[in-house]
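Worksheet: the structure to be examined is printed underneath.
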Amino acid sequence: RPGIQVVQKDRSLKRVRVVLDARRIEFDYDQATLRPEAAARLARLGQFLARSKDNWEYVRISGHTDERGTVQYNQKLSENRASAVKTALGKEGIPREKMETRGYSENQPLDRGHHEIAWQKNRRVEFEFSGVEDLDLIVDGVNQATDDDAGDGESSGL
């Protein structure tokens, strides 16, 4: 079952980049509105991050799309998806000044294939935490907060 992927873990810089695939943070096709399961996962993630706020200083939330659609359209869609995640985390008490959003359109694919499996991998949200005291705590907390049986189904979206 897909989950999170730790892309970068740098203890000396106290930084970790965590990728959540589309089955963890789902959006409907061509939408930036969170599905109910994704909203529930983000609520749990926000609660975890609020409880552990002394363990991290800052998080960048990056939205990504698959290759379908124009780069310009996907740029706006990826920005709106990252903003939706930021709003959801903010509702759980994460200060807005500790969060930044970025959209990367289809420009940073994890899989360069031109089929549904690749598109699924590329529709994702990434979190890059800075100023992390305990990297393993963040990785485990993100994994536990965003993991549940509701994420087993296929999801769609650009």
Provide the three semi-axes, in whole Å and in decreasing order, of the ellipsoid equivalent to the chain as defined by the square roots of 5 times the Cα gyration tensor eigenvalues. 24, 16, 15
Rel. contact order, % - alpha carbon contacts under 8 angstrom, at least six apart, the range 34-158: 38 percent
Based on DSSP, what percent of beta bridges with both residues in the range 35-138 are antiparallel, to the nearest 5? 60 percent
Ignoring ligands, DNA and RNA, what accessible area per residue does the chain give at 1.4 Å, in Å²? 48 Å²
Taking only the alpha carbons of the range 69-151, what extent do you get along each of the three principal axes, in Å, biggest first? 38, 27, 26
What's the carbon and sulfur percent of the range 27-158's accessible surface, probe 1.4 angstrom, rounded to a whole number? 48 percent
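The values are calculated or read from the model by the stated rules, or taken from the named source; none is laboratory data. The shown structure was predicted, so the numbers you read here are calculated from the model rather than taken from an experiment. Accessible surface is based on the protein model in full, side chains and every heavy atom, while ligands, DNA and RNA are left aside. Shrake-Rupley method; radii C 1.70, N 1.55, O 1.52, S 1.80 Å.
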